[in-house]
1. Pick from Leu48, Leu32: which is part of a strand (DSSP E or B) and either free of Cβ contacts under 8 Å to residues at least 60 places away in the same chain or open to solvent by 40 Å² or more (accessible area, probe 1.4 Å) (or both)?
2. Just need a number here: residues in region 91-105 that are surrounded by 20 or more Cβ atoms within 10 Å (Cβ to Cβ) and in contact with a strand residue (DSSP E or B) (Cβ under 9 Å, 6 or more places away or on another chain).
3. Which pairs do you get when a residue that is under 19 Å from Arg168 (Cα atoms), found in region 88-107, comes within reach of a residue that is surrounded by 15 or more Cβ atoms within 10 Å (Cβ to Cβ) and among the β-branched types (Val, Ile, Thr), reach meaning Cβ atoms under 6 angstrom, with the pair 6+ apart or on two chains?
4. Which one of the conditions (1) more than 9 Å from the ligand (Cβ to nearest atom); (2) farther than 26 Å from Ser81 by Cβ does Cys28 fail to meet, given that it meets all the rest?
5. Would you kindly identify the helices (runs of 4 or more DSSP H) lying entirely within region 135-211 that contain at least 3 residues that are basic (Lys, Arg) and either at negative phi or exposed (fewer than 15 other Cβ atoms within 10 Å of the Cβ) (or both)?
6. Say whether the condition of being closer than 30 Å to Asp207 by Cβ and surrounded by fewer than 15 Cβ atoms within 10 Å (Cβ to Cβ) is met by at least one residue in region 6-23.
7. Have a look at Glu76, Glu80 and point out the one that is of a type outside the set (A, V, I, L, M), open to solvent by 30 Å² or more (accessible area, probe 1.4 Å), more than 15 Å from the ligand (Cβ to nearest atom) and in a helix (DSSP H, G or I).
8. Kindly provide the set of residues from region 49-72 that are of a type outside the set (Val, Ile, Thr), out of contact with any Asp or Glu (no Cβ under 6 Å at 6 or more places or on another chain) and more than 10 Å from the ligand (Cβ to nearest atom), ordered by number.
Amino acid sequence: MTLTRVVLLGPPGAGKGTQAKQIIDKLCLVHLSTGDILRDEVSRETELGMTAKGVMDRGELVPDRLIIDMIRGRIEEAAESGFLLDGFPRTTAQAEALSEFATIDVVLNITLPREEVIRRLTGRRVCRGCGKIYNLTFNLAEGETTCAACGGELYQRNDDEMEVIANRYDVYEKSTAPLIEFYEELGILRALDGSLGSERVFSEIIDILTA
Ligand code: AMP
């Protein structure tokens, strides 16, 4: 039996986005990334986007109520086909709200030490066209500005600058890391070592989801 209502947990830079893209392709789940949805709201200059932009640029968290209202309908819609939550929940209040409108089968917690988070995030580049994620440490030559998959332009996220990265990690430790215990107590947490590399992590995830 395949587990289809999945949460990806872990610090920024642990590889959630990279794993998410591969998992949804393989298992046909709906990818719900609150970060991607918010970046789209920012680029369309919607009311939510305007409110979120400053908060995101500082590496802080958008208020729970706004996030929950933004994501709730999408989760309910995807419940039957299955979903992969990436970047949500990020606080205990969000996790408690989620438990009221969805059942979660498994929470995949990808771990990565702080120094490695900082190294990876400073080297991260994202394609404006297809969203593919690259890293100067693994798969991108210094100075390369074009996506090998679609030819789109590669850019560095505003919040992937050094000061903001450090703040995002601190926010993760304070607000999001407590969710590890929250889901451990529910008996649905599975841990993955993000430093093992994306192929190994992906294969372990598929084993967990399809066991
Ligand atoms: P991400 O792409 O997941 O790293 O998210 C980028 C930024 O969007 C975060 O640093 C937050 O400012 C905001 N954000 C994304 N998801 C959430 C969430 N669940 N709760 C609050 N803020 C969020």
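The values are calculated or read from the model by the stated rules, or taken from the named source; none is laboratory data. Source: prediction; values computed, not measured. When we count neighbours, we look across all protein chains shown, and the Cβ atoms used for this are built from the backbone with ideal geometry, even at glycine. Ligands, DNA and RNA are excluded from the accessible area calculation, which covers all protein heavy atoms including side chains. Shrake-Rupley method; radii C 1.70, N 1.55, O 1.52, S 1.80 Å.
1. On the way: Leu48 fails: part of a strand (DSSP E or B).
Going through Leu48, Leu32 in turn, the sole match is Leu32.
2. Residues in region 91-105 being surrounded by 20 or more Cβ atoms within 10 Å (Cβ to Cβ) and in contact with a strand residue (DSSP E or B) (Cβ under 9 Å, 6 or more places away or on another chain): 1 in total.
3. As it stands, the answer is Phe88/Thr34; Phe88/Ile71; Arg90/Thr176, since those pairs meet every condition given.
4. Failed condition: (2).
5. Details: elements: 162-171, 178-186, 198-210.
By residue number, no helices (runs of 4 or more DSSP H) qualify.
6. Step one: filter region 6-23 for residues closer than 30 Å to Asp207 by Cβ, giving 6-23.
Filter once more, so that each one left must be surrounded by fewer than 15 Cβ atoms within 10 Å (Cβ to Cβ): none.
Checked region 6-23: no residue is closer than 30 Å to Asp207 by Cβ and surrounded by fewer than 15 Cβ atoms within 10 Å (Cβ to Cβ).
7. Values: Glu80 fails: in a helix (DSSP H, G or I).
The match here is Glu76.
8. Met50, Arg65, Asp69, Arg72
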